[in-house]
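The values are calculated or read from the model by the stated rules, or taken from the named source; none is laboratory data. Computed from a prediction, not measured in an experiment: that's the story for all the values here. Every residue, glycine among them, receives a Cβ derived from its backbone with ideal geometry; neighbour counts consider all protein chains shown. Each accessible area value is taken on the protein alone, full model and side chains, heavy atoms only, with ligands, DNA and RNA left out. Shrake-Rupley method; radii C 1.70, N 1.55, O 1.52, S 1.80 Å.
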Amino acid sequence: MCGIAGAVMKVGFEPAELSHILEMMTDQVAYRGPDGRGVTVIGSAGFGHRRLSIIDLNERAAQPMQLPDSQLMVTFNGEIYNFQELRLLLAAEGCVFRTESDTEVLLHGWRVWGEAMIARLRGMFAFALWDQSKRTLLLVRDRFGKKPLFYVDLPDCLLFASEIKSILEWPGFERRVNMEAIHDYLTYNYCLGIDSAFAGIRKVPPAHYLVMTMERPPRLQRYWSLAQTDPAQASRSIVDLSDELIGRLDDAIRCRMIADVPLGAFLSGGVDSSAIVARMAQMSGQPVKTFSVGFDIEGFDETPYARRVAERYATEHRSFTMDYDLVGELPRLVWHYGEPYADSSALVTYALAREVRRHVTVALTGDGGDETFLGYARYGRFRSTVVDAQAGILRSLPYGTLHEEEPSRRIRDAYVRTVAGFREEHKISGYGPNLAEYLFTSSNDRLGLTLESATPENAIDRVARAEIATYLPDDLLVKADIASMAASLEARSPFLDHELADWAASLPQNKRVFERAGKLELKALLKRALEPHLPEDILYRRKQGFSVPMRHWLRHEIRDFTTEVLTSRRFRERGLFTDKFVEHMLNRHMTGHEDHGKRVWQLICLELWFQTFIDRGSPGPLDINIVGRRSPELRLAG
């Protein structure tokens, strides 16, 4: 895992100056690759790289990497789990390898297979490849979007980077806010889709690659889509499917345990991370290193469950406890994320990742289990909404009078209300002059048509597919990548192996979700498959989730900071919300009459983003004190 950046110049340039700029760009993400740095300029292209060494620790595997004829160059972030298999195929074609790294496979693979190479890759990746003979740039992002890749097409160059802050280092780049992205952020809690919060800066979408030649503009091409339901799977028994699930999960875990550095696992005590640890323990010749975290507040601590799994599989377990001092890390976290981002669990992930990095360099996670095997409680609620719609009893939603609501949109809009921070009625009553024009563009429309034709028989599958295209790449995987890489830790997600996910997606909904003890059991197939490996109260207890007591903190420990930020002259003059709306919302939350915690937190994160990236040009996090106490440190529990 690494940090990458680069430029393809469309006009004349000085190579030495370009090299210097690329060094500044990669220095902004030095934490992504503390083990090495490199810059190479070939023809019209310059690539930079910061290295976190995982496979082939030798200097010969340093990047940017070239083939001996200097016609091909690559800068790569991620892991190719089937690189050894691809290496054998390429060697049979006459390719000669100089390293043991997965990076070199990309260079030879491009020369032998061209664009067809991309579909052969199994892993998490974001890479840039320059072909000097064809004067062609290739930018590639993995299927689910585990690894980030931003780019901007300017008149004199095309820039790309792992993180936005690298692009901001380009001399003369104008920082302008994309207010439409802010409008969507206020609904979803994160910046949705291909456009970033900075005007002009875009993301290579998951499962896509971008090709640019010096003669033609950039072209985006999709290379993979999640498998559709296969009717042939409907006749299979749950027993057979359970056995196959474990075999496929084991395969996904096994290839992710390949590393030349210490390896461990996050263990929350939930089903997904417990499943990963249980199967890792069967494959490892030594105790698995596991890590969990919780709070001394009822309802926010799963560590006893994590401890039970750790004891069952004799792992080398460490459990940490934290408190509200954690909020003091928010300015640094805002800087790391680069865009407005308000998933408060990122604070926990970030703090835990730093502790985990003291012991291992690679950690496996349970990310993706709920999306692939249909586990979120909101999926069940969405199915109930669809049932109500079919029965003709789904009520109209309180959207005001801006448009006549279409009945076909009610299902989708009901789903958005369950996940939204600022709902339509909040925006209608609260938007200030700089957001008012977006009232006529509903953020709900960003979900497309996936949900509108849902039926009770496929509703849970449909909403999971919608979230695999939105929440997964733009929230969950952003959180995982930034929080882990900020600590120079590589996180790997077996449930997001595309072969496992395709197989799961091919199963009809009623093979993944079915009744148990008289009620519909979400993630039922996965739980059934794990019954021989995990205790019943781990598998079938109520899902808790990875959350922090933010509502409480806003009313108590950081109340003064919250009020100061959101009533400040600087915030008011941005014209995002009316003063009356913000003051009313704060008053109702602070007095306990209403719960606006999620919305208040969104506005705090947004304002700190403005202060960090728009109001000033100097790099680095804001120097502000939120909790008025020491820098937070996790306490080792027990």
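Points to keep in mind about this one:
- Counted residue by residue at 0.36 nm each, then reduced by the alpha carbon distance between them, the extension gain from Ile194 to Glu17 reaches 60.7 nm.
- Restricting the stretch 186-259 to trypsin sites (Lys or Arg not before Pro) that sit in a DSSP loop and have at most 16 other Cβ atoms within 10 Å of their own Cβ leaves Arg236.
- Evaluating 6.51 cos²θ - 1.76 cosθ + 1.60 at θ = phi - 60° for every residue in the stretch 165-173, the Karplus couplings come out as 4, 5, 5, 5, 7, 5, x, x, 5 Hz, glycine and proline recorded as x.
- Modelled label positions at Ile624 and His359, each set 7 Å beyond Cα in the direction of Cβ, lie 3.5 nm from each other.
- Relative to the current alpha-carbon distance between Leu220 and Gln71, full extension at 0.36 nm per residue lengthens the span by 51.3 nm.
- Estimated FRET transfer efficiency when R0 is 35 angstrom, pair Arg236-Arg60 (beta carbons, to 0.05): 0.15
- Within the chain, longest stretch clear of exposed GluC sites (Glu not before Pro) (DSSP loop, no more than 10 other Cβ within 10 Å): 1-173
- Proximal charge balance of Phe514 [Cβ under 15 Å; K/R count +1, D/E count -1]: +3
- The residues packed around Gly369, meaning those with a beta-carbon under 9 Å from its beta-carbon, carry a net charge of -3 if Lys and Arg are +1 and Asp and Glu are -1.
- In this view, the solvent-accessible surface of Ser429, computed with a 1.4 Å probe and all protein chains in place, comes to about 80 Å².
- Principal axes of the stretch 266-377: Cα extent on each, largest first, Å: 41, 32, 30
- For the stretch 531-622, the relative contact order comes to 25 percent (Cα pairs under 8 Å, sequence separation of at least 6).
- Chymotrypsin sites (Phe, Trp or Tyr not before Pro) restricted to the stretch 1-104 and DSSP loop, no more than 14 other C-beta within 10 Å: Phe97
- Cα-based reach from Lys479 at 18 Å (exclusive), listing lysines while leaving out same-chain residues under 8 positions away: Lys146, Lys147, Lys165, Lys203, Lys598
- Here Lys511 is the anchor, and the lysines within straight C-alpha reach of less than 25 Å, apart from those fewer than 8 places off in the same chain, are Lys519, Lys523, Lys527, Lys543.
- Counting DSSP beta bridges with both ends in the chain, the antiparallel % (nearest 5): 80 percent
- Here r is the Cβ-Cβ distance between Glu452 and Val419 and R0 is 22 Å; the resulting FRET efficiency, rounded to 0.05, is 0.85.
- Rounded accessible area of Met9 (nearest 10 Å², 1.4 Å probe): 20 Å²
- For the residues Asp497, Asp69, Asp560, a 1.4 Å probe over the protein chains yields an accessible-area ranking, largest first, of Asp560, Asp69, Asp497.
- Zone of Gln228's modelled label, taken as backbone nitrogen in the stretch 449-466 under 18 Å from a point 7 Å along Cα→Cβ: 449-455, 457-466
- Against the rule of thumb 2.2 N^0.38 Å, how large the Cα Rg of the chain comes out: 0.95
- Using the Karplus relation 6.51 cos²θ - 1.76 cosθ + 1.60 with θ = phi - 60°, the per-residue 3J(HN,Hα) values for the stretch 583-598 come to 4, 5, 4, 4, 4, 5, 6, 5, 8, x, 6, 9, 9, 10, x, 4 Hz, with x marking Gly and Pro.
- For the stretch 89-239, the dipole from Cβ point charges (+1 on Lys and Arg, -1 on Asp and Glu) about the Cα centre works out to 260 debye, to the nearest 20.
- Counted charge near Ala524, where neighbours are those whose Cβ lies closer than 10 Å (Asp, Glu -1; Lys, Arg +1): +4
- Here the relative contact order of the chain, from alpha carbon pairs under 8 Å that lie six or more residues apart, stands at 16 percent.
- Two-decimal Rg to Rh for the stretch 142-205 - Kirkwood Rh, Cα set: 0.97
- Top positive-direction residue, dipole computed over the chain with Cβ charges, set Leu106, Ile482, Leu22: Ile482
- Rolling a 1.4 Å probe across all protein chains gives Thr213 an accessible area of roughly 30 Å².
- Each label point was placed 7 Å from the Cα along the Cα-to-Cβ direction; for Asp445 and Ser284 their separation is 5.0 nm.
- Label-to-label distance, nm, for residues given as Ala391 and Ile246 (7 Å Cα→Cβ offset): 3.9 nm
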